Each structure stands twice: as structure tokens, then as C-alpha cells.
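Since the structure comes first, as C-alpha cells, the remarks are kept for the end.
The values are calculated or read from the model by the stated rules, or taken from the named source; none is laboratory data. Note that the structure is a prediction, hence the values are computed from the model and not measured. Don't worry about glycine lacking a Cβ; one is built from the backbone with ideal geometry, like all the others, and counts go over all protein chains shown.
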Amino acid sequence: MTYKVFVLDDEETSCQLAKQALTKAGYEVMVQTKAIGATNAIRGFAPHLVLLDVMMPALSGDNLVEIIAKTIRPRPKLLFYSNKSDNELKELVEKSGADGFICKVDGPASLIRAVNAVLSGT
């Protein structure tokens, strides 16, 4: 089974780096740089996991978690993908109901480990 990952980040470079790493690891990946229309794109792609940038113009990642949780079934795993500090991200995860977070600065190997862990349920 090939897992699908949707990457939502307003920075094109971040999207492409994540896509490259995840594709190389065997995931099917779709990226989008605009929060507007993201729920329709997510619904259409039906990913197992969504990486959400926290600081998006027009709609923040934590607000998107709430929207996705209310409107998309089955709900994909939701991970924040950000340069914020671990403490800030942990707090956002607790408040929003996301499934965790990945720091962009930790690099592609960390991204793959975290995605593998979430999708394998460990």
C-alpha cells in the first residue's frame, strides 16, 4: 500500500523539498501553496496524512486543523510542519487536536522518520 501525503505550505521551496524527500521514501505526494481551497484539494486527493504549515496567509494551520476535522471523513492524520519552536508547536498540537508536529529545520531524514512513525501508529 502506498501512503498519500498532502503538503500545505505557502513557501514553494518547502513544498518541493518535502515532496522530493517523501516521494523518494515511497509516498505519493501532492502539494499546495494556498490555504484557500485546501479542503477541497485534500478531499479529492484523500491523503492518509496532511503536513500543515502553521503560519499561512489567510488561514493558519491550527484553524485548518479544526476545519479539516469537521469536514473531511475519514480524517487524515494532521501534522504541523513549521519553523516554530518545539514548545510553541507542542502547545498548538494540544490546543488544536493535531496529531503532532515536525520542525522544518530538522531536515528530510527527520521528516521521513516522523511521517513513518505517525502512519505506522508508533
- Answer from Leu52, Leu59 - the residue that is closer than 21 Å to Thr13 by Cα, in contact (Cβ under 8 Å) with a residue 40 or more places away in the chain and surrounded by 14 or more Cβ atoms within 10 Å (Cβ to Cβ): Leu52
- Check off (1) hydroxyl-bearing (Ser, Thr, Tyr); (2) under 14 Å from the mean Cα position of the chain (by Cα); (3) farther than 16 Å from Ser60 by Cβ for Tyr81 and give me the number that stays unchecked. (3)
- Query: Any residue in segment 51-69 that is touching a strand residue (DSSP E or B) at 6+ places or on another chain (Cβ under 8 Å), farther than 22 Å from Val105 by Cα and of a type in the set (Gly, Ala, Ser)?
  - Reply: yes
- Note on the structure: Considering residues that are within 20 Å of Tyr3 (Cβ to Cβ), in a helix (DSSP H, G or I) and of a type in the set (Lys, Arg), the number found within segment 57-80 is 0
- Message: Just to verify a result, which residue in segment 70-111, among those that are surrounded by fewer than 18 Cβ atoms within 10 Å (Cβ to Cβ) and of a type in the set (Val, Ile, Thr), is farthest from Met30 (Cα to Cα)?
- Response: Val105
- Item | Leading residue by the ranking (farthest from Asp53 (Cα to Cα)) among those in segment 1-37 that are modelled with pLDDT under 95 and of a type in the set (Gly, Ala, Ser) | Gly37
- Message: Give me the residue from segment 1-47 that is assigned to a helix (DSSP H, G or I), touching a helix residue (DSSP H, G or I) at 6+ places or on another chain (Cβ under 7 Å) and of a type outside the set (A, V, I, L, M) and, out of that set, farthest from Phe101 (Cα to Cα).
- Response: Thr39
- Query: Does segment 87-102 hold any residues that are of a type outside the set (A, V, I, L, M) and either part of a helix (DSSP H, G or I) or touching a Leu at 6+ places or on another chain (Cβ under 7 Å) (or both), and which are they?
  - Reply: Asn87, Glu88, Lys90, Glu91, Glu94, Lys95, Ser96, Asp99, Gly100, Phe101
- Which of the residues that make up segment 81-95 are closer than 18 Å to Val7 by Cβ and hydroxyl-bearing (Ser, Thr, Tyr)? Tyr81, Ser82
